[in-house]
1. Scan segment 60-68 and give yes if some residue there is in contact (Cβ under 8 Å) with a residue 24 or more places away in the chain and more than 26 Å from Lys307 (Cβ to Cβ), otherwise no.
2. Within segment 29-38, is there a residue that is more than 25 Å from Glu294 (Cα to Cα), at pLDDT below 95 and surrounded by 21 or more Cβ atoms within 10 Å (Cβ to Cβ)?
3. Out of segment 275-329, which residues are within 16 Å of ligand 1 (Cβ to nearest atom), outside any loop (DSSP other than H, G, I, E, B), aliphatic (A, V, I, L, M) and out of contact with any Pro (no Cβ under 9 Å at 6 or more places or on another chain)?
4. Does Leu72 count as hydrophobic (A, V, I, L, M, F, W, C), within 16 Å of ligand 1 (Cβ to nearest atom) and more than 27 Å from Ile3 (Cα to Cα)?
5. Looking at segment 196-247 only, could you name the residues that are touching a helix residue (DSSP H, G or I) at 6+ places or on another chain (Cβ under 7 Å) and farther than 23 Å from Pro155 by Cα?
6. Working only within segment 241-255, note down all residues that are out of contact with any strand residue (DSSP E or B) (no Cβ under 6 Å at 6 or more places or on another chain) and either on the phi > 0 side of the Ramachandran plot or within 16 Å of ligand 1 (Cβ to nearest atom) (or both).
7. Under the condition of being under 22 Å from Asp168 (Cα atoms) and away from ligand 2 (no atom under 16 Å from the Cβ), which residue from segment 91-125 is surrounded by the most Cβ atoms within 10 Å (Cβ to Cβ)?
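The values are calculated or read from the model by the stated rules, or taken from the named source; none is laboratory data. Bear in mind the structure is a predicted one, so any value in this text is a computation, not a measurement. Here the Cβ positions follow ideal geometry from the backbone for every residue, glycine too, while neighbour counts run over all protein chains shown.
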Amino acid sequence: MLIDTYGRVATDLRVSLTDRCNLRCTYCMPEEGLQWLAKPDLLTDDEIVRLIGIAVTSLGVEEVRFTGGEPLLRPGLVGIVERVAALEPRPQTSLTTNGIGLRRTARALKEAGLDRVNVSLDTLRPGVFKTLTRRDRHQDVLDGLSAAREAGLTPVKVNSVLMPGLNDDEAPDLLAWAVEHGYELRFIEQMPLDAQHGWKRDGMITAGDILASLRTRFELTPEGDEARGSAPAERWLVDGGPHRVGVIASVTRPFCRACDRTRLTADGQVRTCLFATEETDLRAALRSGAPDEEIARVWKLATWGKKAGAGLDDPSFVQPDRPMSAIGG
Ligand code: SAM
Ligand code: SF4
């Protein structure tokens, strides 16, 4: 098992397949993009599948989520999903994506064994989308979402980040739209993980702001801690249900005590937390010919050192060097 000194067990693995992206969301990346990882530094498809295999068969990982950067940009994605879904015991598989290109690949991903997708969409207004992501691709995301639903990658979840002065008035509209289309909406508080270090605690839209805004149009009933389990999102029934809305309040209501995550970057570094300032190099172990047992031992040791919490509201908080797009959100 991947257990830490606080007794938390990591069963949910987030794998970043690339640090590259075809959008430039203002809360994530600068307009000019970033210095991308060099190809030889990236794990190959075989290396990724081997590491996930060790996590699933020897370390108790039950869920594998592919992310990035933009994971749909990874040429071998469908093959990786297929090989991971064939592992025994079969892990749950999901993908976090900006949805661009999903229209073409949703069916192939489903056939390869992908269970679910989370698509990021912050606004229903094409002009605001263009400002927020610096690309004119709103319709592509909407098309990707419908394709995911039609392919049965359900429940299709939608992730939205609200930014002050841009889309912070859209929470009720986004929820009405999600309910109408059968998507499960989750708002994510903006976190200090942008490459530009532009995050400001004072300016951010909090879970409290989001809920107050939603309550102007909807009745929200809390689902409670039992239904939440180790999920980062607190959830509410919308107008008595069955539709739900979630809020991931990493800053104002952190959920570190129940965290069950472990993360692997596209260049083979284990991170125990999005906000960790330390990483453990599994790629070096892999490429030096270490057997599976040795890699599992290194991964366990890294997990043992996991910190109690991210401490975002702590004045001593230091933003990690890697931005969200290079960690895997
Ligand atoms: N490119 C894919 C996407 O956008 O879904 C996957 C990677 S992205 C880093 C994963 C999630 O992180 C997205 O839902 C995105 O909105 C969110 N995200 C990125 N930067 C963030 C930040 N600074 N604060 C909160 N969420 C952020
Ligand atoms: Fe790309 Fe996702 Fe970051 Fe937006 S949030 S720039 S889509 S990695």
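1. From segment 60-68, those in contact (Cβ under 8 Å) with a residue 24 or more places away in the chain are 60-68; that's our starting set.
Pick out the ones that are also more than 26 Å from Lys307 (Cβ to Cβ) and you get none.
No, segment 60-68 contains no residue that is in contact (Cβ under 8 Å) with a residue 24 or more places away in the chain and more than 26 Å from Lys307 (Cβ to Cβ).
2. For segment 29-38, residues more than 25 Å from Glu294 (Cα to Cα), at pLDDT below 95 and surrounded by 21 or more Cβ atoms within 10 Å (Cβ to Cβ): present.
3. Met324, Ala326
4. When the stated conditions are applied, Leu72 passes them.
5. Quick first cut of segment 196-247, residues touching a helix residue (DSSP H, G or I) at 6+ places or on another chain (Cβ under 7 Å) only: 210, 213-214, 216-218, 220, 230, 234-235, 238, 243, 245, 247.
Hits for segment 196-247 are Ser213, Thr216, Arg217.
6. Within segment 241-255, the first condition is being out of contact with any strand residue (DSSP E or B) (no Cβ under 6 Å at 6 or more places or on another chain), and the residues that meet it are 241-243, 249-255.
Selection gives Gly241, Ala249, Ser250, Val251, Thr252, Arg253, Pro254, Phe255.
7. Checked segment 91-125; the qualifying residue surrounded by the most Cβ atoms within 10 Å (Cβ to Cβ) is Leu124.
Residue by residue, here is whether (1) more than 16 Å from ligand 2 (Cβ to nearest atom); (2) surrounded by fewer than 21 Cβ atoms within 10 Å (Cβ to Cβ); (3) touching a residue at least 24 places away in the same chain (Cβ under 8 Å); (4) among the hydrophobic types (A, V, I, L, M, F, W, C) holds:
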position	(1), (2), (3), (4)
Gly229	yes, yes, yes, no
Asp239	yes, yes, no, no
His243	yes, yes, yes, no
Val247	yes, no, yes, yes
Arg257	yes, yes, yes, no
Arg263	no, no, yes, no
Gly268	yes, no, yes, no
Cys273	yes, yes, yes, yes
Thr277	yes, yes, yes, no
